[in-house]
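Quick notes on the structure that follows.
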């Protein structure tokens, strides 16, 4: 079973770490525990446990492999190319081709990795909502976390910035352009999907009540 931890920070957030359920750690901050109601916190923790169950950390680690390899090839290529001789060097065209191919692979891998990360967040939202049976509780939690972030000192937000990819809600608000480079879906999209799921779950109960 995953271990549960509490991080003493005013940043209202939660995250999961570990590449397998046996070695995973699910962590909630003191900030989020002060911000949310028990049923909302339940939804957040269910979201993080869904990440653990789906082995999302392992999946994202594997997904980042190609981008990392391409970046390393580019770095070595620039270093190697810089140490070559003059313009008439026979190896220069080959180096340029390798660099261009590596750059292409890196860019494509980078954006695919971000798209996969956003998909995994949607999946964890859905998994949490189905387990708890209360999509609205998770929606409420996400909105509260996002709003409470505005009251957290900037120094604390900057200190936690390196964890954004793992947080349930990033510490910085993304613009429409920045969303392309975000590991998380736009908040409004997450709320919209949870609302749709809420309606789907309520439909059978409403039908039985007729």
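What the table shows:
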| read-out | value |
| --- | --- |
| Scan of the stretch 14-41 for residues that are closer than 14 Å to residue 140 by Cα and in contact with a helix residue (DSSP H, G or I) (Cβ under 6 Å, 6 or more places away or on another chain), ordered by number | 35, 36, 39, 40 |
| Condition check for residue 18: farther than 30 Å from residue 145 by Cα and modelled with pLDDT under 95 | no |
| Positions within the stretch 118-166 being out of contact with any strand residue (DSSP E or B) (no Cβ under 9 Å at 6 or more places or on another chain), in a helix (DSSP H, G or I), at pLDDT below 95 and closer than 22 Å to residue 65 by Cα, in sequence order | 162 |
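Results for (1) at pLDDT 95 or above; (2) closer than 15 Å to residue 157 by Cα; (3) under 18 Å from the mean Cα position of the chain (by Cα); (4) outside any helix (DSSP H, G or I), shown as yes or no for each residue.
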site: 6; (1), (2), (3), (4): yes, no, no, yes
site: 11; (1), (2), (3), (4): yes, yes, yes, yes
site: 22; (1), (2), (3), (4): no, no, no, no
site: 27; (1), (2), (3), (4): yes, no, yes, yes
site: 31; (1), (2), (3), (4): yes, yes, no, no
site: 34; (1), (2), (3), (4): yes, no, no, no
site: 39; (1), (2), (3), (4): yes, no, no, no
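Yes/no matrix, rows are residues, columns are (1) closer than 29 Å to residue 199 by Cβ; (2) free of Cβ contacts under 8 Å to residues at least 12 places away in the same chain:
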site: 125; (1), (2): yes, no
site: 130; (1), (2): yes, no
site: 135; (1), (2): yes, no
site: 140; (1), (2): yes, no
site: 147; (1), (2): yes, yes
site: 151; (1), (2): no, yes
site: 155; (1), (2): no, yes
site: 166; (1), (2): no, no
site: 169; (1), (2): yes, no
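The values are calculated or read from the model by the stated rules, or taken from the named source; none is laboratory data. This one's a predicted model, so the numbers in the text were calculated from it and none came from an experiment. When we count neighbours, we look across all protein chains shown, and the Cβ atoms used for this are built from the backbone with ideal geometry, even at glycine.
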